[in-house]
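Presented below is the structure to which this report refers.
The values are calculated or read from the model by the stated rules, or taken from the named source; none is laboratory data. These numbers were taken from a predicted model, which means no experiment stands behind them. Every residue, glycine among them, receives a Cβ derived from its backbone with ideal geometry; neighbour counts consider all protein chains shown. Surface accessibility is based on the protein's heavy atoms, side chains included, excluding ligands, DNA and RNA. Shrake-Rupley method; radii C 1.70, N 1.55, O 1.52, S 1.80 Å.
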Amino acid sequence: MGLKHIQKYIYPFVTRRFADDDVVFINYGYEEDPPMGLALDADDEPNRYCIQLYHSTATQADDLRGKRVLEVGCGHGGGASYLTRTLQPASYTGLDLNSAGIAFCQKRHNLPGLKFVQGDAEKLPFPDESFDAVINIESSVHYPHFPVFLTEVARVLSPGGHFLYADSRLTDGFAAWDEALANGPLRMLSQREINAEVVRGLEKNAQHTQDVIDRHVPGLVRGLTRAQGSWVLRTLQTGRMSYRMYCFVKD
(Lines give C-alpha, C1' and ligand atoms only; values in the text may rest on other atoms or scores of the structure.)
Protein backbone atom coordinates (compact mmCIF):
# COMPACT_ATOMS: atom_id res chain seq x y z
CA MET A 1 0.00 0.00 0.00
CA GLY A 2 1.42 3.40 -1.01
CA LEU A 3 1.74 6.61 0.96
CA LYS A 4 -1.46 8.16 -0.39
CA HIS A 5 -3.59 5.19 0.72
CA ILE A 6 -1.90 4.90 4.12
CA GLN A 7 -2.27 8.63 4.77
CA LYS A 8 -5.86 8.68 3.49
CA TYR A 9 -7.15 5.73 5.50
CA ILE A 10 -4.79 4.31 8.13
CA TYR A 11 -3.06 7.37 9.60
CA PRO A 12 -6.27 9.41 10.08
CA PHE A 13 -7.75 6.34 11.81
CA VAL A 14 -4.72 6.17 14.11
CA THR A 15 -5.03 9.88 14.85
CA ARG A 16 -8.71 9.59 15.72
CA ARG A 17 -8.06 6.60 17.98
CA PHE A 18 -5.00 7.91 19.78
CA ALA A 19 -5.44 11.70 19.91
CA ASP A 20 -7.58 11.63 23.04
CA ASP A 21 -4.84 9.67 24.80
CA ASP A 22 -2.31 12.33 23.79
CA VAL A 23 -0.16 9.91 21.78
CA VAL A 24 2.40 12.26 20.26
CA PHE A 25 4.82 9.65 18.87
CA ILE A 26 4.00 6.88 16.39
CA ASN A 27 7.58 5.86 15.48
CA TYR A 28 9.73 2.96 16.71
CA GLY A 29 12.09 3.40 19.64
CA TYR A 30 15.87 3.56 20.05
CA GLU A 31 18.21 2.63 22.88
CA GLU A 32 21.96 2.15 22.97
CA ASP A 33 24.10 -0.22 25.05
CA PRO A 34 25.04 1.14 27.52
CA PRO A 35 21.85 3.24 27.75
CA MET A 36 21.97 6.77 26.37
CA GLY A 37 20.86 8.30 29.66
CA LEU A 38 19.40 11.30 27.83
CA ALA A 39 18.25 13.90 30.37
CA LEU A 40 14.50 14.38 29.93
CA ASP A 41 11.77 16.38 31.59
CA ALA A 42 9.20 14.37 33.52
CA ASP A 43 6.58 14.99 30.83
CA ASP A 44 8.89 13.56 28.16
CA GLU A 45 9.99 10.49 30.11
CA PRO A 46 7.11 8.21 28.95
CA ASN A 47 8.29 8.78 25.37
CA ARG A 48 11.99 8.26 26.09
CA TYR A 49 12.72 5.64 23.43
CA CYS A 50 10.94 7.46 20.62
CA ILE A 51 12.61 10.71 21.67
CA GLN A 52 16.04 9.05 21.62
CA LEU A 53 15.52 8.10 17.97
CA TYR A 54 14.75 11.73 17.15
CA HIS A 55 17.63 13.06 19.23
CA SER A 56 20.19 10.69 17.69
CA THR A 57 19.04 11.46 14.15
CA ALA A 58 18.86 15.22 14.59
CA THR A 59 22.25 15.59 16.28
CA GLN A 60 24.30 13.83 13.60
CA ALA A 61 25.52 17.09 12.06
CA ASP A 62 25.87 20.73 13.08
CA ASP A 63 24.07 22.14 16.08
CA LEU A 64 20.52 23.03 15.01
CA ARG A 65 20.47 26.07 17.28
CA GLY A 66 19.39 29.10 15.26
CA LYS A 67 18.72 27.02 12.11
CA ARG A 68 15.63 26.79 9.93
CA VAL A 69 14.44 23.18 10.23
CA LEU A 70 11.86 21.22 8.24
CA GLU A 71 10.57 17.82 9.30
CA VAL A 72 8.85 15.87 6.53
CA GLY A 73 6.47 13.24 7.89
CA CYS A 74 6.03 14.78 11.34
CA GLY A 75 3.27 12.40 12.47
CA HIS A 76 1.73 13.57 15.74
CA GLY A 77 4.42 16.18 16.34
CA GLY A 78 6.15 14.76 19.40
CA GLY A 79 9.57 14.85 17.78
CA ALA A 80 9.01 18.37 16.48
CA SER A 81 8.05 19.58 19.94
CA TYR A 82 10.99 17.89 21.64
CA LEU A 83 13.60 19.14 19.14
CA THR A 84 12.18 22.68 19.20
CA ARG A 85 12.35 22.81 22.98
CA THR A 86 15.79 21.25 23.39
CA LEU A 87 17.86 22.09 20.28
CA GLN A 88 16.42 25.61 19.89
CA PRO A 89 16.25 26.07 16.13
CA ALA A 90 15.24 29.50 14.81
CA SER A 91 12.16 27.88 13.30
CA TYR A 92 10.79 24.36 12.97
CA THR A 93 8.18 23.38 10.40
CA GLY A 94 6.48 19.98 10.59
CA LEU A 95 4.84 18.72 7.39
CA ASP A 96 2.59 15.70 6.93
CA LEU A 97 0.06 14.54 4.36
CA ASN A 98 -2.34 13.41 7.10
CA SER A 99 -4.62 16.41 7.62
CA ALA A 100 -6.09 14.91 10.80
CA GLY A 101 -2.58 14.57 12.22
CA ILE A 102 -1.72 18.16 11.31
CA ALA A 103 -4.90 19.41 12.99
CA PHE A 104 -3.91 17.44 16.12
CA CYS A 105 -0.39 18.92 16.03
CA GLN A 106 -1.67 22.47 15.65
CA LYS A 107 -3.91 22.04 18.67
CA ARG A 108 -1.47 20.07 20.83
CA HIS A 109 1.95 21.68 20.25
CA ASN A 110 1.93 25.43 20.86
CA LEU A 111 5.53 26.64 20.94
CA PRO A 112 7.24 29.78 19.59
CA GLY A 113 8.81 29.10 16.22
CA LEU A 114 7.00 25.79 15.70
CA LYS A 115 4.35 25.40 13.01
CA PHE A 116 2.68 22.55 11.15
CA VAL A 117 1.68 22.38 7.49
CA GLN A 118 -0.31 19.82 5.53
CA GLY A 119 1.54 18.84 2.36
CA ASP A 120 3.05 16.21 0.09
CA ALA A 121 6.63 14.99 0.64
CA GLU A 122 7.10 14.77 -3.14
CA LYS A 123 5.80 18.31 -3.74
CA LEU A 124 7.10 20.32 -0.82
CA PRO A 125 5.18 23.62 -0.62
CA PHE A 126 8.24 25.77 0.09
CA PRO A 127 10.58 27.98 -1.97
CA ASP A 128 14.08 26.89 -2.96
CA GLU A 129 16.74 27.02 -0.22
CA SER A 130 14.17 27.65 2.55
CA PHE A 131 15.78 25.46 5.23
CA ASP A 132 19.14 24.72 6.81
CA ALA A 133 18.20 21.16 7.79
CA VAL A 134 15.58 18.63 6.75
CA ILE A 135 14.63 15.76 9.09
CA ASN A 136 12.81 12.63 7.96
CA ILE A 137 12.19 9.73 10.33
CA GLU A 138 10.36 6.49 9.56
CA SER A 139 8.21 7.97 6.82
CA SER A 140 9.93 7.66 3.43
CA VAL A 141 9.29 3.92 3.16
CA HIS A 142 5.73 4.81 2.17
CA TYR A 143 6.59 7.37 -0.53
CA PRO A 144 5.58 6.25 -4.03
CA HIS A 145 8.56 7.94 -5.71
CA PHE A 146 11.43 8.11 -3.23
CA PRO A 147 13.95 9.70 -5.68
CA VAL A 148 11.49 12.55 -6.25
CA PHE A 149 11.42 13.16 -2.50
CA LEU A 150 15.23 13.35 -2.41
CA THR A 151 15.18 15.90 -5.22
CA GLU A 152 12.67 17.98 -3.28
CA VAL A 153 14.81 17.80 -0.13
CA ALA A 154 17.80 19.08 -2.07
CA ARG A 155 15.73 21.86 -3.60
CA VAL A 156 14.52 23.30 -0.29
CA LEU A 157 17.89 22.94 1.47
CA SER A 158 20.31 25.85 1.53
CA PRO A 159 23.91 25.15 0.41
CA GLY A 160 25.73 23.42 3.26
CA GLY A 161 22.42 22.28 4.73
CA HIS A 162 21.94 18.78 6.10
CA PHE A 163 19.45 16.00 5.49
CA LEU A 164 19.08 14.00 8.72
CA TYR A 165 17.38 10.74 7.93
CA ALA A 166 16.36 7.44 9.56
CA ASP A 167 14.19 4.70 8.05
CA SER A 168 13.96 1.02 7.20
CA ARG A 169 13.47 -1.27 4.21
CA LEU A 170 12.82 -4.98 3.78
CA THR A 171 15.35 -7.17 1.99
CA ASP A 172 13.73 -6.85 -1.43
CA GLY A 173 13.95 -3.06 -1.17
CA PHE A 174 17.62 -2.75 -0.22
CA ALA A 175 18.98 -2.42 -3.78
CA ALA A 176 16.54 0.28 -4.90
CA TRP A 177 17.05 2.20 -1.64
CA ASP A 178 20.84 2.11 -1.95
CA GLU A 179 20.68 3.11 -5.62
CA ALA A 180 18.37 6.06 -4.98
CA LEU A 181 20.55 7.39 -2.16
CA ALA A 182 23.80 6.87 -4.09
CA ASN A 183 22.47 8.59 -7.21
CA GLY A 184 20.59 11.33 -5.38
CA PRO A 185 21.49 15.02 -5.30
CA LEU A 186 22.98 15.01 -1.79
CA ARG A 187 26.40 13.84 -0.57
CA MET A 188 26.42 11.18 2.13
CA LEU A 189 28.49 12.01 5.19
CA SER A 190 27.60 9.01 7.35
CA GLN A 191 25.52 5.86 7.44
CA ARG A 192 24.99 3.18 10.05
CA GLU A 193 22.59 0.32 10.62
CA ILE A 194 20.74 0.64 13.92
CA ASN A 195 18.74 -2.61 14.03
CA ALA A 196 20.07 -3.53 17.48
CA GLU A 197 19.25 -0.10 18.91
CA VAL A 198 15.74 -0.10 17.45
CA VAL A 199 15.04 -3.62 18.72
CA ARG A 200 16.25 -2.61 22.18
CA GLY A 201 14.04 0.49 22.11
CA LEU A 202 11.00 -1.49 20.97
CA GLU A 203 11.51 -4.07 23.70
CA LYS A 204 11.91 -1.47 26.44
CA ASN A 205 8.87 0.44 25.18
CA ALA A 206 6.72 -2.66 24.72
CA GLN A 207 4.58 -2.30 27.84
CA HIS A 208 3.83 1.37 27.17
CA THR A 209 2.88 0.54 23.58
CA GLN A 210 0.70 -2.36 24.65
CA ASP A 211 -1.14 -0.23 27.20
CA VAL A 212 -2.02 2.29 24.48
CA ILE A 213 -3.14 -0.48 22.11
CA ASP A 214 -5.30 -2.10 24.78
CA ARG A 215 -7.05 1.20 25.47
CA HIS A 216 -7.77 2.16 21.88
CA VAL A 217 -7.56 -0.73 19.42
CA PRO A 218 -10.80 -2.75 19.04
CA GLY A 219 -10.60 -6.25 20.43
CA LEU A 220 -10.94 -7.97 17.07
CA VAL A 221 -7.94 -6.05 15.71
CA ARG A 222 -5.81 -6.14 18.85
CA GLY A 223 -4.33 -9.56 18.10
CA LEU A 224 -3.32 -8.49 14.61
CA THR A 225 -1.66 -5.38 16.03
CA ARG A 226 0.36 -7.48 18.48
CA ALA A 227 1.33 -9.88 15.68
CA GLN A 228 2.53 -6.93 13.60
CA GLY A 229 4.76 -5.78 16.44
CA SER A 230 6.23 -9.26 16.84
CA TRP A 231 6.83 -9.43 13.09
CA VAL A 232 8.75 -6.16 13.11
CA LEU A 233 11.00 -7.41 15.91
CA ARG A 234 11.69 -10.69 14.10
CA THR A 235 12.50 -9.06 10.77
CA LEU A 236 14.90 -6.62 12.44
CA GLN A 237 16.56 -9.35 14.49
CA THR A 238 17.03 -11.64 11.48
CA GLY A 239 18.25 -8.91 9.14
CA ARG A 240 15.29 -9.20 6.77
CA MET A 241 14.69 -5.54 7.60
CA SER A 242 17.46 -2.95 7.77
CA TYR A 243 16.90 0.18 9.83
CA ARG A 244 19.51 2.83 9.03
CA MET A 245 20.47 6.32 10.09
CA TYR A 246 22.03 8.73 7.58
CA CYS A 247 23.47 12.21 7.38
CA PHE A 248 23.72 14.01 4.01
CA VAL A 249 24.89 17.47 3.01
CA LYS A 250 24.00 19.74 0.10
CA ASP A 251 27.22 20.94 -1.51
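Quick notes
- Between Thr238 and Asp41, the C-beta separation translates, for a Förster distance of 41 Å, into a calculated FRET efficiency of about 0.65.
- Full extension of the chain between Arg65 and Glu179 gives 37.8 nm of extra length, using 0.36 nm per residue less the Cα-Cα distance.
- With a Förster radius of 51 Å applied to the C-beta separation of Ala103 and Gln191, the computed FRET efficiency comes to 0.90.
- Taken per residue, the accessible surface of the chain reaches 47 Å², heavy atoms only and a 1.4 Å probe.
- Average Cα contact separation per residue, the stretch 3-250, under 8 Å, 6 or more apart, as relative contact order %: 22 percent
- Ratio Rg/Rh, restricted to the chain and using Cα atoms, in which Rh is the Kirkwood radius: 0.93
- Computed Kirkwood radius, in angstrom, where 1/r is averaged over Cα pairs of the stretch 55-153: 13.5 Å
- Annotated for the chain: lysine pairs at least 8 residues apart or interchain, Cα distance under 16 Å, count 4.
- The dipole here belongs to the chain: it is taken about the Cα centre, uses +1 on the Cβ of Lys and Arg and -1 on the Cβ of Asp and Glu, and is about 540 debye.
- Of the beta bridges in the stretch 3-250, as assigned by DSSP with both residues counted there, near 45 percent are antiparallel.
- Surface composition of the chain: carbon plus sulfur atoms hold 53% of the accessible area, using a 1.4 angstrom probe and ignoring ligands, DNA and RNA.
- Listed peptides 173-181, 69-77, 134-142, 54-62 by packing density, highest first (mean Cβ within 10 Å): 69-77, 134-142, 54-62, 173-181
- Set against the 2.2 N^0.38 Å expectation for a compact globular protein, the stretch 57-110 has a Cα radius of gyration ratio of 1.10.
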